[in-house]
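Peer 1: Handing you this structure, nothing more for now.
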Amino acid sequence: MYRSHNNGELRFENVGEEISLSGWVQKVRDKGFMIWVDLRDRYGITQLIFDGERTDLSLVENARSLGREFVIQVKGKVIEREAKNNQIPTGDIEILVSELNILNESKVPPFTIENETDGGDELRMKYRYLDIRRKPVRENLIFRSKVTMAVRSYLSQEGFVDVETHYLIKSTPEGARDFVVPSRMNEGQFYALPQSPQTFKQLLMVGGLDKYFQIVKCFRDEDLRADRQPEFTQIDCEMAFVEQEDILNTFEGLVRYLLKEIKGLDLEAFPRISYDEAMRTYGNDKPDIRFDMKFGELNEMAQGKGFGVFDTQELIVGIAVPGCSGYSRKQIDKLIDFVKKPQIGANGLIWVKYNEDGSFKSSVDKFFNQEDLKLWADQVNAKPGDLILVMAGETDKTRSQMSVLRMELAEQLGLRNPNVFAPLWVLDFPLLEWDEESKRFHAMHHPFTSPKPEDVKLLDTDPGKVRANAYDMVLNGNEIGGGSIRIFDKAMQSRMFDLLGFTKAEAIDQFGFLMNAFEYGAPPHGGLAFGLDRLVAILGGRETIRDFIAFPKNNSGRDVMIDAPSVIDDGQLKELHLKLDL
Ligand code: ASP
C-alpha cells in the first residue's frame, strides 16, 4: 500500500495514528538535525518532520537528499504541530516520519510549482504536466469535470442519449475552414475533421433517437483570435418533435441546473430579447446585462437644433454612465481618445453632465438648452449624478462603437463582476447575412436553420429581411450557446442551398446524404450547442478558456509541449500520396 491517507485528509483527530503517505516534495526546510518537508498530492499538502532526536539520525540524512518534486512514500505518526498553519486544512498536524522511501527523483523543475509561479505562459504550456501539479490549474480541470458531470446528469435525467458521431468526415466549404486528413487508402482523397456534428445529429433525429447529446470535440481552421482554440469542445444537443419554445425551456433548465449545482445560485426565468432589440439597446448580439447603460436613440430630440454635426447623421445614440457626472476634462478626454483609436474608429464623443442639482453642463451647450438636455437624459434613463455620452454616425457602425465604449466603461467602473451571472436568450436572428466581398448571402447560423414561417414569403422578395428560428444563449456578454429549429423538408432545404448560391450539383455533392434522408420521413427537429470551454471558464469566474483545457494550444495554434504541427518524413508523405516521385 502506497498510502493510507491522502495529503489533504489528516486532522487533529488523527493525532497518534500510524499512517503512510505518498506524494511530491514541494518544499524542504533544513534546520540541521530537523528537516521539514511539504508533501503534496491532488488533495493537499501535509507537513512531514524528520527529527534526529525523536527517530533516527540516518533518516534526517536521507531526507537531506530530497529535492523539489521528488516522489516519496513515508510512514510515520500523526502528531500535533507546534506552530499551527490555519491556511491549510491539515495545518494542525504534522507527520513524525519513521520510514522514507524515495520512489522517484526529479530534475529541478523549470518553474516553481506553487499557487503563485514564476513561469511564463509558454514555459508552463511546454511543461503542462508540471503546471497541472499546481493547485489553480488542477482545480480548474477538476472544476471542468464537475461541470461536465452535471451536464451529463441533467441531460440523461431528461432522457437524452449520448451518441458519439464520427470524426473522419467529408469536407464542406461552408462555414470556417476544415482541417483535412489525407487518406492513405484512397489516393488523392481527404477526410475532414468536423466543425460540428450538425448534420449527423440531424440524421440521428431522422433515425428516431428523439433526444441526442454529445460532449464533443469540434475542429475549425480559423485564423486564431485571442483565446480561441483550433479544437474545442461543444455540448451538442438535438431534439425531435419540438418547437423553439421546447428547446428554450429544456436548455434554460440545463443552465439553471448548472448554476444551482455548481454555484448554488437560484436564477429567475432568463430574459428574452430579439436580435433587433439587442442591437438597438446594446449595439451587440451578445449583450452583457449585468449592468444597465442601455442605449437611448436621440435623433428626434437632437436633430434640427442647429448642431450641424448631428443633423446629417443616420443615428444619434447616448448612454448614461452611472455616477460619473464629476468626471474631469482629463477623464473625458481619455474616453474620447479611446473611441478615436483606429480599432474603434469613432469621430469623437459629445458629453453631458447631469449634475446632482439637476442642472446640465455639456460640450454642446451652444446648441442645446437645459430643457433639450433633460429630454436626452430621459431618453437614456439618466439620473442626476450621471454622465451622458453621445455618438453619431452610420447606424451599424455607431452602435458597435458605442457597444465597445459601454463595455470599456463597465470594466473601468468594476461592473463586470465575475460572481454575478446574467444569462439571457437572444431570439429571431436574421436568416441570411449579405457578404459584400462575395456579393452573396451567407447563412447567419448555418444552412440547415429554418426561416420563421411568417417570413417565408419574403424569401423571394427580400431575403435579407427573413428572420430565422434561431436563438443564442448569452451569459455575461459571451455567446455560450446557439442553435435553431431546422429545415426538415427537402424542398425548403434545396431552396435554401439555392439562396446561398450553391448550384444543384454542389448541393447534391455536399449535402445529398441529408436531402436523401429528408425523403424518408424526417421529423420536425431542432437543437443547439454550447461552447463547453467558454461556459466552464465563465462559471469558474475567469476570462481565458485555456486555463480550463488540459493541453491547450498557444495563440498560433501550436502545441508547444509535443511540438505540433510538425513535418512528416518523406516515406509518410509518399504513402499518403502527398509527395510525387520525382
Ligand atoms: N452546430 C451549431 C454550431 O456549432 C449549433 C447548432 O445549431 O446546434 O454552432
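The values are calculated or read from the model by the stated rules, or taken from the named source; none is laboratory data. On a predicted model such as this, the values are computed, not experimentally measured, just so you know. All Cβ positions, glycine included, derive from the backbone under ideal geometry; neighbour counts span all protein chains shown.
Peer 1: Being within 14 Å of the ligand (Cβ to nearest atom), farther than 23 Å from M279 by Cβ and touching a strand residue (DSSP E or B) at 6+ places or on another chain (Cβ under 9 Å): is that true of I480 here? Don't jump to the end; show me each part of the working.
Peer 2: Working: within 14 Å of the ligand (Cβ to nearest atom): yes; farther than 23 Å from M279 by Cβ: no; touching a strand residue (DSSP E or B) at 6+ places or on another chain (Cβ under 9 Å): yes.
Answer is no for this residue.
Peer 1: Of the residues A537, A505, A517, only one is crowded, with 22+ Cβ neighbours inside 10 Å and of a type outside the set (D, E, K, R); which? Let's see the steps before the verdict.
Peer 2: Numbers: A505 fails: crowded, with 22+ Cβ neighbours inside 10 Å; A517 fails: crowded, with 22+ Cβ neighbours inside 10 Å.
After ruling out the rest, the residue left standing is A537.
Peer 1: Which one of these does S153 not meet: (1) out of contact with any Asp or Glu (no Cβ under 9 Å at 6 or more places or on another chain); (2) more than 16 Å from the ligand (Cβ to nearest atom)?
Peer 2: (1)
Peer 1: Anything in region 1-16 that is surrounded by 15 or more Cβ atoms within 10 Å (Cβ to Cβ) and not aliphatic (A, V, I, L, M)? List them, or say none.
Peer 2: Result: R3, H5, N6, N7, G8, E9, N14.
Peer 1: Suppose we filter region 547-571 for residues that are at pLDDT below 95 and not in a loop (DSSP other than H, G, I, E, B); how many remain?
Peer 2: Total meeting the criteria: 3.
Peer 1: Given the criteria touching a residue at least 60 places away in the same chain (Cβ under 8 Å), surrounded by 19 or more Cβ atoms within 10 Å (Cβ to Cβ) and not in a strand (DSSP E or B), does P523 qualify?
Peer 2: Answer is no for this residue.
Peer 1: A follow-up question, please. Of the residues S196, S145, S153, only one is in contact with a helix residue (DSSP H, G or I) (Cβ under 9 Å, 6 or more places away or on another chain) and either at pLDDT 95 or above or surrounded by 13 or more Cβ atoms within 10 Å (Cβ to Cβ) (or both); which? I'd like the intermediate steps shown before the answer.
Peer 2: Values: S196 fails: in contact with a helix residue (DSSP H, G or I) (Cβ under 9 Å, 6 or more places away or on another chain); S145 fails: in contact with a helix residue (DSSP H, G or I) (Cβ under 9 Å, 6 or more places away or on another chain).
Answer to the selection: S153.
Peer 1: Quickly run through region 116-128 and pick out the residues that are part of a helix (DSSP H, G or I) and without any contact (Cβ under 8 Å) to a residue 60 or more places away in the chain. Reasoning before the result, please.
Peer 2: First pass over region 116-128, keeping only residues part of a helix (DSSP H, G or I): 121-126, 128.
Listed by number, the residues that qualify are L123, R124.
Peer 1: Does V309 meet the test of being of a type outside the set (D, E, K, R), surrounded by fewer than 18 Cβ atoms within 10 Å (Cβ to Cβ) and in contact (Cβ under 8 Å) with a residue 12 or more places away in the chain?
Peer 2: Values: of a type outside the set (D, E, K, R): yes; surrounded by fewer than 18 Cβ atoms within 10 Å (Cβ to Cβ): yes; in contact (Cβ under 8 Å) with a residue 12 or more places away in the chain: yes.
Yes, satisfied.
Peer 1: Does A422 satisfy being within 16 Å of the ligand (Cβ to nearest atom) and either at pLDDT below 95 or not aromatic (F, W, Y) (or both)? Show your work before the answer.
Peer 2: Values: within 16 Å of the ligand (Cβ to nearest atom): no; either at pLDDT below 95 or not aromatic (F, W, Y) (or both): yes.
Here the answer is no, as A422 does not meet what is asked.
Peer 1: Right, another one. Please go through region 62-85 and give me each residue that is modelled with pLDDT of 95 or more, more than 21 Å from M1 (Cβ to Cβ) and part of a loop (DSSP other than H, G, I, E, B), ordered by number.
Peer 2: Listed by number, the residues that qualify are S65, L66, G67, R68, E69, R81, K84, N85.
Peer 1: In addition: Testing L475 on (1) within 23 Å of D435 (Cβ to Cβ); (2) crowded, with 23+ Cβ neighbours inside 10 Å, one condition comes back false. Which one is that?
Peer 2: Status for L475: all satisfied but (1).
Peer 1: Name the residues in region 286-306 that are among the acidic types (D, E), outside any strand (DSSP E or B) and surrounded by fewer than 20 Cβ atoms within 10 Å (Cβ to Cβ), would you?
Peer 2: The initial filter retains those residues of region 286-306 that are among the acidic types (D, E), namely 288, 292, 297, 300.
Those left that are additionally outside any strand (DSSP E or B): 288, 292, 300.
D292, E300, listed by residue number.
Peer 1: Another one. Looking at region 129-243, what strands (runs of 3 or more DSSP E) fall wholly within it and have at least 2 residues that are touching a Leu at 6+ places or on another chain (Cβ under 6 Å)?
Peer 2: On the way: elements: 180-182, 190-192, 211-219, 231-240.
Counting at least 2 such residues, we get 211-219, 231-240.
Peer 1: Got a sec? Which of M496, M473 is in a helix (DSSP H, G or I) and either at pLDDT 95 or above or within 16 Å of the ligand (Cβ to nearest atom) (or both)? Steps first, answer last, please.
Peer 2: Numbers: M473 fails: in a helix (DSSP H, G or I).
Answer to the selection: M496.
Peer 1: Specify the residue that is surrounded by the fewest Cβ atoms within 10 Å (Cβ to Cβ); the eligible residues are those in region 428-451 that are closer than 17 Å to M492 by Cα and either of a type in the set (V, I, T) or away from the ligand (no atom under 16 Å from the Cβ) (or both).
Peer 2: F441
Peer 1: Give all pairs with beta carbons closer than 8 Å in which a residue from region 153-171 that is over 18 Å from D210 (Cα atoms) meets a residue that is modelled with pLDDT under 95; count only pairs at least 6 apart in sequence or on separate chains.
Peer 2: Note: pairs meeting the criteria are K170/Q510.
Peer 1: Is there a residue being buried (at least 16 other Cβ atoms within 10 Å of the Cβ), modelled with pLDDT of 95 or more and assigned to a loop (DSSP other than H, G, I, E, B) anywhere in region 328-341? Give the derivation first.
Peer 2: First pass over region 328-341, keeping only residues buried (at least 16 other Cβ atoms within 10 Å of the Cβ): 332, 335-336, 338-339.
This time we only want the ones that are modelled with pLDDT of 95 or more, so: 332, 335-336, 338-339.
Narrowing further to those that are assigned to a loop (DSSP other than H, G, I, E, B): none.
Scanning region 328-341 turns up no residue that is buried (at least 16 other Cβ atoms within 10 Å of the Cβ), modelled with pLDDT of 95 or more and assigned to a loop (DSSP other than H, G, I, E, B).
Peer 1: Taking the conditions exactly as written (of a type outside the set (D, E), more than 14 Å from the ligand (Cβ to nearest atom) and more than 27 Å from G521 (Cα to Cα)), does G501 satisfy them or not? Steps first, please.
Peer 2: Details: of a type outside the set (D, E): yes; more than 14 Å from the ligand (Cβ to nearest atom): yes; more than 27 Å from G521 (Cα to Cα): no.
For G501, the condition - of a type outside the set (D, E), more than 14 Å from the ligand (Cβ to nearest atom) and more than 27 Å from G521 (Cα to Cα) - is not met.
Peer 1: Output the residues belonging to region 452-482 that are touching a His at 6+ places or on another chain (Cβ under 8 Å) and under 22 Å from S494 (Cα atoms).
Peer 2: Of all residues in region 452-482, those touching a His at 6+ places or on another chain (Cβ under 8 Å) come to 468, 470, 482.
Scanning region 452-482 gives A468, A470.
Peer 1: List the pairs whose first member sits in region 193-209 and is free of Cβ contacts under 8 Å to residues at least 24 places away in the same chain, whose second member is more than 10 Å from the ligand (Cβ to nearest atom), and whose Cβ atoms are under 9 Å apart, counting only residues at least 6 apart or on separate chains?
Peer 2: G207/A517
Peer 1: Now, a different point. Within the set of pairs 6 or more residues apart or between chains, which connect a residue that is over 17 Å from V180 (Cα atoms) and at pLDDT 95 or above inside region 220-249 to a residue that is within 13 Å of the ligand (Cβ to nearest atom) and in a loop (DSSP other than H, G, I, E, B) with Cβ atoms less than 8 Å apart?
Peer 2: Q234/S196; D236/S196; D236/P197; Q244/N469
Peer 1: If I go through region 250-279 residue by residue, how many of them are within 16 Å of the ligand (Cβ to nearest atom) and out of contact with any Phe, Trp or Tyr (no Cβ under 7 Å at 6 or more places or on another chain)? So that I can check it myself, show each step before the final result.
Peer 2: Filtering region 250-279 for residues within 16 Å of the ligand (Cβ to nearest atom) gives 250-252, 254-255, 275.
If we keep only those that are out of contact with any Phe, Trp or Tyr (no Cβ under 7 Å at 6 or more places or on another chain) as well, we get 250-251, 255.
Number satisfying all stated conditions: 3.
Peer 1: Which condition breaks for L458 when tested against (1) in contact with a Pro (Cβ under 7 Å, 6 or more places away or on another chain); (2) of a type in the set (A, V, I, L, M); (3) surrounded by fewer than 20 Cβ atoms within 10 Å (Cβ to Cβ)?
Peer 2: Checking L458 against (1) in contact with a Pro (Cβ under 7 Å, 6 or more places away or on another chain); (2) of a type in the set (A, V, I, L, M); (3) surrounded by fewer than 20 Cβ atoms within 10 Å (Cβ to Cβ), the one that fails is (1).
Peer 1: Now for a separate question. Consider region 250-279. How many of its residues are part of a loop (DSSP other than H, G, I, E, B) and in contact (Cβ under 8 Å) with a residue 60 or more places away in the chain? Break it down stepwise before answering.
Peer 2: Quick first cut of region 250-279, residues part of a loop (DSSP other than H, G, I, E, B) only: 264-271.
In the following step, the residues that additionally are in contact (Cβ under 8 Å) with a residue 60 or more places away in the chain were identified as 265, 267, 270-271.
Final tally of qualifying residues: 4.
Peer 1: Would you mention how many residues in region 453-464 are farther than 16 Å from Q244 by Cβ and without any contact (Cβ under 8 Å) to a residue 24 or more places away in the chain?
Peer 2: From region 453-464, those farther than 16 Å from Q244 by Cβ are 457-464; that's our starting set.
Pick out the ones that are also without any contact (Cβ under 8 Å) to a residue 24 or more places away in the chain and you get 457-458, 460-462.
Residues in region 453-464 being farther than 16 Å from Q244 by Cβ and without any contact (Cβ under 8 Å) to a residue 24 or more places away in the chain: 5 in total.
Peer 1: So, in region 379-427, how many residues would count as being buried (at least 20 other Cβ atoms within 10 Å of the Cβ) and either charged (D, E, K, R) or in a loop (DSSP other than H, G, I, E, B) (or both)?
Peer 2: Residues that pass the stated criteria total 5.
Peer 1: Okay, moving on. Yes or no: D547 surrounded by fewer than 21 Cβ atoms within 10 Å (Cβ to Cβ), of a type in the set (D, E) and within 30 Å of L265 (Cβ to Cβ)?
Peer 2: On the way: surrounded by fewer than 21 Cβ atoms within 10 Å (Cβ to Cβ): yes; of a type in the set (D, E): yes; within 30 Å of L265 (Cβ to Cβ): yes.
Taking the combined requirement at face value, the residue satisfies it.
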